[in-house]
1. Restricting attention to the stretch 31-47, report how many residues are open to solvent by less than 60 Å² (accessible area, probe 1.4 Å) and either in contact with a Pro (Cβ under 6 Å, 6 or more places away or on another chain) or β-branched (Val, Ile, Thr) (or both).
2. Would you please name the residue that is modelled with the lowest pLDDT, looking only at residues in the stretch 702-719 that are in contact with a Pro (Cβ under 9 Å, 6 or more places away or on another chain) and open to solvent by 30 Å² or more (accessible area, probe 1.4 Å)?
3. Among the residues of the stretch 684-701, are any within 30 Å of Leu271 (Cα to Cα) and either open to solvent by less than 20 Å² (accessible area, probe 1.4 Å) or at pLDDT below 90 (or both)?
4. Please list, ordered by first then second residue, the pairs with beta carbon atoms under 9 Å, 6 or more apart or interchain, first in the stretch 886-899 and touching a residue at least 24 places away in the same chain (Cβ under 8 Å) and over 17 Å from Met499 (Cα atoms), second aromatic (Phe, Trp, Tyr) and in a loop (DSSP other than H, G, I, E, B).
5. Go through the stretch 265-278 and give me each residue that's in contact with a Leu (Cβ under 7 Å, 6 or more places away or on another chain) and loosely packed, with under 14 Cβ neighbours inside 10 Å.
6. In the stretch 279-290, which residues are open to solvent by 10 Å² or more (accessible area, probe 1.4 Å) and in contact (Cβ under 8 Å) with a residue 60 or more places away in the chain?
7. Just one of the numbered conditions (1) in contact with a Ser or Thr (Cβ under 8 Å, 6 or more places away or on another chain); (2) at pLDDT 95 or above; (3) of a type in the set (A, V, I, L, M) is not true of Ala291; which one?
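The values are calculated or read from the model by the stated rules, or taken from the named source; none is laboratory data. This is a predicted model, so every value here is computed, not measured. For neighbour counting, all protein chains shown are included, and Cβ atoms are generated from backbone atoms with ideal geometry for every residue, glycine included. Just the protein is used for accessible areas: all its heavy atoms, side chains included, with ligands, DNA and RNA removed. Shrake-Rupley method; radii C 1.70, N 1.55, O 1.52, S 1.80 Å.
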Amino acid sequence: MLDTALNYTLAAAELVHVPMEKRSISESVLSGLNPTEVDPSNPITLFIIQLFIIIAFTQGLGWAFQYINQPRVIAEVVGGIILGPTVMGRIPHFTDHIFPKASIPYLNLVANIGLVLFLFVIGVEVDVKVMKKNGIACAAISIAGMVLPFGLGAAVAVPVYHNFVETDKVSFGHFMLFIGVAMAITAFPVLCRILTSTKLLDTKVGVIVLAAGVGNDVVGWVLLALTLALVGSGTGATAVYVLLCAIGWSILLLWPIKKAFVWLVKRSGSLEHGPTPGIMTLTLLIVFTSAFMTGIIGVHPIFGGFLAGLIIPHEGGFAIALVEKIDDLVSLLFLPIYFVLSGLATNLGLLDTGKIWGYIILLCFIGFAGKFVGCAGAALAMRYPLRESAAIGMLMSCKGLVELIVLNVGLNAGIIDQKLFSMMVIVAIVLTFITTPGTIAIYPERLRERLHGPSSAAAKDSEKTMTGVGTVNNGLGGRDNITKFLVILQKLEHLSAVMFLTQLLEAPQIVQRKPFDAAEAVGHEMKKGDTTDGSASSTPDQVLARLPTSSTDSRRDSIPASSRSTGAPSIDALKLIELTGRTHSVMQSAEKDQLLVTDDALQLFKQFGRLRGLEVKPHISIVEQDSYPQAVSDYAYDLDTELVILPWTVPVSGSSTELIDPSIVNKENNSTSQFDSIFGTESSGSPIYTHFVRRVFSECLTSDIALFVDRGFGGSSSLNFQPGSGQHIFLPFFGGPDDRLALRFVVQLCKNQNVTATIVRIEKPDSSTNSSVDDDEDETAITPGIKHDNIQLHQAALASNQLTVGPTNSAYPETQARLASDTADNIAWTYYAAASSAISSTPRPESVENALSRISFFSTKSATPLQFAYRCASSAIQSTTDKSGGSWRPMLIVTGRGRRASSINHSQELNKILADMKGLNPSVGAELRKTLGDPSTSFILGGGLPGTASFLVMEAGKK
């Protein structure tokens, strides 16, 4: 007996090892192995081939479809159909070798894992707070968008059931319920992507559609779960038990498990710092446990993933951080596999009769009309305008990915067959395809009302015309004191730059406060000598408790009215976040309020402003990267901003004190990129950022703009920079509106008693005379060895790819305008540079007089103004470094950009300077000139001491 059992065991053991012996560990394609054969012991080889084909094909189609404004899901669905029996399956042996039947279970397993995770992400996207914000309108549109298409779907189910369904195998009640759900459901994830691509997320239409889509999504999944429970149960009693078990698990998950999970998230600090590895592990265990429970109950496992997503808290940006960790893996790896499996089950070759295509058209009409009429009608009933209502109806008719999931569930459950499945896939593709172009046609961008930005341009124009913007001094032709700032933040590294500029602003007046007298405050509760510890009380009798108050009235009365500040500056900080097609990016847009509280850069800058006594209001704009300049323009317009500040952090790298490495300028052949050495390799110093800066200069016309090129502390230079309190500013004044703006702003900065400045006015001499010329260099002198063609190369590089509105030759084209500008320059210079006794008009305010006492003015003429300004800047840096006891930063050089209307045309002189730099790529100098203007470019490319300075480039808006 024992021998028999032992022999049986050994035989079984030999049978187990036989498949492993068929393949040697050294077997490879070199020895004749066919990698497309299915090997159950090693399926990874064929799986990698399939995965590569799927990802490459779907991503390639997605790249092509974006040019016709279609979401990526359309490309993935079409790609799956092409790889299926409809197209590629007709190639002999393609399906047998690439997608053999034996390999489908492995793909199906991976796809279902991804589908569970995808439904979990959808559940996380559901935020009840979004629905509550829109209340009645959201509920009305969501209900109307479910009831009417469900009823029309139930009606069309009658002829479809009798023509395309085996009536003896499928109950009409189950089929009617399934078709109703398929017609009523909205593809919420695809809807979010369409709102992103059409730039509707920050509009009234986008907000209401997002809220209504959440409610529609939840109800749709519940109805589908009900359908599957009824189909999967043999009797009515079993269906009731399935539903009760599903409800019981939902209650258990959404109440005690959710409370425990939220407690653990708070306990682990994940709300403040993002999910920890332990919380991520726990989350995944909950997701797959919930999928397991709904699967064994009799409902599809995907509903378990959806329910698990509902327990994720949205406070502190936790949900966004969680989705960010798994979003790319799901959308780029798992979902394309699921789409290909759907394509393998779709055979358009079966749709070969006119009757079938007639029903396809009917289903398309019913699916669109039910959604459009129901949602648009509800929106009209809620007093929405006609175009907005039509856009809401068009967007809610989107099907896409969720429709495919519903159809696959119905196909696997036996409710529909392959022919009807293929018909419904065509319906889903058509309805999703028409959503984007239909929405753009109905609701074009010129008619959109955004929640942030100029919602009513005409009204605001009239309001600004009546009230004015800022404090304007007519004698100077601009604002005498800038009080409304808009600071643009993109990265945490920008904080150092904006904090430095904020430090330069005039500090609020110190308020003297009476110290808190504890004895006086509690005196009414004590009697003289009534002490328990034997000590004497100094509190007088019958003195009532009083809170300490500020004693500033007498001090304020002693300050002359003219020297009082016109008001503390108001600073709006705008954080720009890129809106992508990823799920977490869409969630960020829907949860801006949470980001305002949790964003590190905004909160740090706000606290810094509080410490300085300044009001800082944080804002967040989540838009596509191409829309950054428009967002800046919109916010500047909407907030009545007087000066927009763009930080550009490009610190000096290595041991060199210059902005570019001298070896690059001096060597003609060098493998290092000159462009990278100037603009850096990070996004804050990349050509993409310079393009953004140039577009802001070009498009933001209602406000003045200041570009702050922050050079940090100058690198490890030989100047031995010593930190201290105070800052010195150098301003070369050439004339023009940009330079006049820079002049006024430097005077405003010098109202801060810790700020000093040197201002040099440099004019070109008249061509008819050479008198009073400080420089003995001739304008036409060309450095020996410079070829004329080098100058032409730099001029041609400057002329290419212009963005800034206005001529490249920035001199005034008309004599009258030139004379007006020169007059304005003289008035501004005389107002600030002349002594008080020499001003015959209105006397200057005492605050301006105090600021001017810390400014040194100098005026001269030079045939080469840029070179003279460079030498002045070098002398100023050397002098302040030798004599001062330290400062906040190395010297700040303020210049006008001069790209629109400069009094002096620096083009010819700068071309010669750039041509003198052997080996300098013309595109480097041209990019700097287009971004910063000619004066700053001459300082930066000149290297030396000015290369260690920071630059504030200012441009006056067109008002």
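1. Of the residues in the stretch 31-47, 3 are open to solvent by less than 60 Å² (accessible area, probe 1.4 Å) and either in contact with a Pro (Cβ under 6 Å, 6 or more places away or on another chain) or β-branched (Val, Ile, Thr) (or both).
2. Ranking the candidates gives Leu719 first.
3. Yes, some residue in the stretch 684-701 is within 30 Å of Leu271 (Cα to Cα) and either open to solvent by less than 20 Å² (accessible area, probe 1.4 Å) or at pLDDT below 90 (or both).
4. So the pair list comes out as Gly886/Phe721; Thr895/Phe734; Gly896/Phe734; Gly898/Phe734.
5. Result: no residue meets the conditions.
6. Phe288
7. Of everything listed in (1) in contact with a Ser or Thr (Cβ under 8 Å, 6 or more places away or on another chain); (2) at pLDDT 95 or above; (3) of a type in the set (A, V, I, L, M), Ala291 misses just condition (1).
Every residue, every condition in (1) touching a residue at least 24 places away in the same chain (Cβ under 8 Å); (2) surrounded by fewer than 15 Cβ atoms within 10 Å (Cβ to Cβ); (3) under 27 Å from Phe306 (Cβ atoms), yes or no:
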{"position": "Tyr67", "(1), (2), (3)": "no, yes, no"}
{"position": "Phe94", "(1), (2), (3)": "no, yes, no"}
{"position": "Ala102", "(1), (2), (3)": "yes, yes, no"}
{"position": "Glu125", "(1), (2), (3)": "yes, no, yes"}
